[in-house]
Amino acid sequence: MKWYTGRIDPFWGTKHRDLEYRRGRYNNLKDLETWEQLGLKLNAAGGDVYDMKNIMPEWANPFFTLFKGINVGISFFRMNTGDILPTHQDTYEVYRKVNNIIDPSTINRAIIFLEDWRPGHIFEIAGSPITSWKAGDYVVWNYDVAHMAANLGIQPRYTMQITFTNV
C-alpha cells in the first residue's frame, strides 16, 4: 500500500471549528527553500493547527482508534483562503522524536476531511487530485508519499491528521 481512501460516518458535527487554532509553521526548511527558489513566497505556515501540544477534546477520542497502529497522534488543521502547502513529503520530525522512532518507513499518515468539499479546496496525493469529498472521507498514505494541499476558495478547509506506526 502506498495510499488508499476510505470513509467513516462523521460524528463530530462542527465542534472542530471551536478549537483554539494557532498559526502553524511548516518545519521542512529544505522544502521552504525549494519553494522560494521557484518564486513562491510562503508565510511558512500553510494553515492553522490544533495539535498534540494541546489537550485533545473528549469528542475526538474515537479518532485515536480509527486505524490499526500504535503511537497514534492527532492534529486538526484549518486552511484559510490563500493557505497552501505545495507538493512535499512529511518529515515526521516531532512525531519521531516524541515516539523515539528511528526508521520512518513504519509511519503512516491519514487525513480525514471534516467538512464537505467546497470550490477551491484542493488535495493531491502521489499526483492524483482528490476533490468533491464528503465529511468523513479519508486518505491514508505511507511515510514517503508526496502530497499537497491548498485552499484557493473563500471558506475555511478543515481536516484532521492522524499519524501512527504500523503494528
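Which ordering of 79, 160 is given by a fewest-first count of other beta-carbon atoms within 10 Å?
Fewest-to-most Cβ neighbours within 10 Å comes out as 160, 79.
Scale the Cα Rg of the chain by the rule-of-thumb value 2.2 N^0.38 Å and send over the ratio, two decimals. Before the final figure, lay out each step's value.
Values: Rg = 15.1 Å, N = 167, 2.2 N^0.38 = 15.4 Å.
Here the Cα radius of gyration is 0.98 times the empirical estimate.
Around residue 50, under 13 Å between beta carbons, what's the net of Lys plus Arg minus Asp minus Glu among the other residues?
Net charge in that neighbourhood comes out at +2.
Give me the dipole magnitude in Debye, nearest 20, for the range 3-165 about the Cα centre, with unit charges on the beta carbon: positive for Lys and Arg, negative for Asp and Glu.
180 debye
Quick one: length gained pulling residue 80 to residue 5 fully straight, 0.36 nm per residue minus the C-alpha distance?
Once the chain is fully extended between residue 80 and residue 5, it gains 24.6 nm.
Among the aspartates and glutamates, which have Cα under 12 Å from the Cα of residue 15 when same-chain residues fewer than 8 positions away are ignored?
58, 115
Around residue 156, with a cut-off of 10 angstrom between Cβ atoms, what is the net charge of the other residues, counting Lys and Arg +1 and Asp and Glu -1?
+1
Every number in this text was worked out from the coordinates using simple rules, so none of it is lab data. Here the structure is a predicted model, which is why all the values come from computation and not from measurement. Here the Cβ is made from the backbone with ideal geometry for all residues, glycine too, and neighbour counts use every protein chain on show.
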